[in-house]
């Protein structure tokens, strides 16, 4: 609220007649209260960054049940290395030459689509889908793993697993310089 001081400027009884100078003083207490109310209102009603999470179901390792044999030609193994690069191969480790690739849509996604189509065209009806094994190394990042899982979701790969990397695969990564 504004207050006006209407008291006289001085106590002199003579001399020139001067106009009274009013001093203004604005009380900002109500304005400060309003500002804090607005700040708290916007803090409570604002949506903060939502955490990004992906549902991941891991199998129970305590009990090994009957495992069905899977044709090696249906499996694609993705080895996650350093420097935002990956290696992949079809079939068994050491029998197929691995290919170095990246994580982009023209790289990994294209490879997943092509290999999935090849597996679907060469196998019988019940076994016409590709199985992808993801093997992260110590030099790969969490972001790399999430990028691979995202690409698998985009390309509709039905069967996938995150497993431990084997020594022969670590040697292949070292040979390509992806473990630095």
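Based on the Cβ-Cβ distance of residue 66 and residue 150, what FRET efficiency does E = 1/(1 + (r/R0)^6) give at R0 = 41 Å, to the nearest 0.05?
0.80
Return a whole-number percent for the relative contact order of the stretch 102-180, with Cα pairs under 8 Å and 6 or more residues apart as the contact set.
34
Which order do peptides 137-147, 85-95, 41-51, 159-169 fall in by mean Cβ count within 10 Å, highest first?
For the peptides 137-147, 85-95, 41-51, 159-169, the packing ranking is 85-95, 137-147, 159-169, 41-51.
Can you give me the C-alpha center-to-center distance between the stretch 93-123 and the stretch 131-157, rounded to a whole angstrom?
13
In Å and on Cα atoms, what radius of gyration and Dmax does the stretch 79-180 show?
Answer for the stretch 79-180, Rg first and Dmax second: 13.3, 43 Å.
Every number here is computed from the coordinates shown, using simple stated rules; none is lab data. Keep in mind it's a predicted model, so treat the numbers as computed, not measured. Glycine gets a Cβ as well: all are built from the backbone with ideal geometry, and neighbour counts include every protein chain shown.
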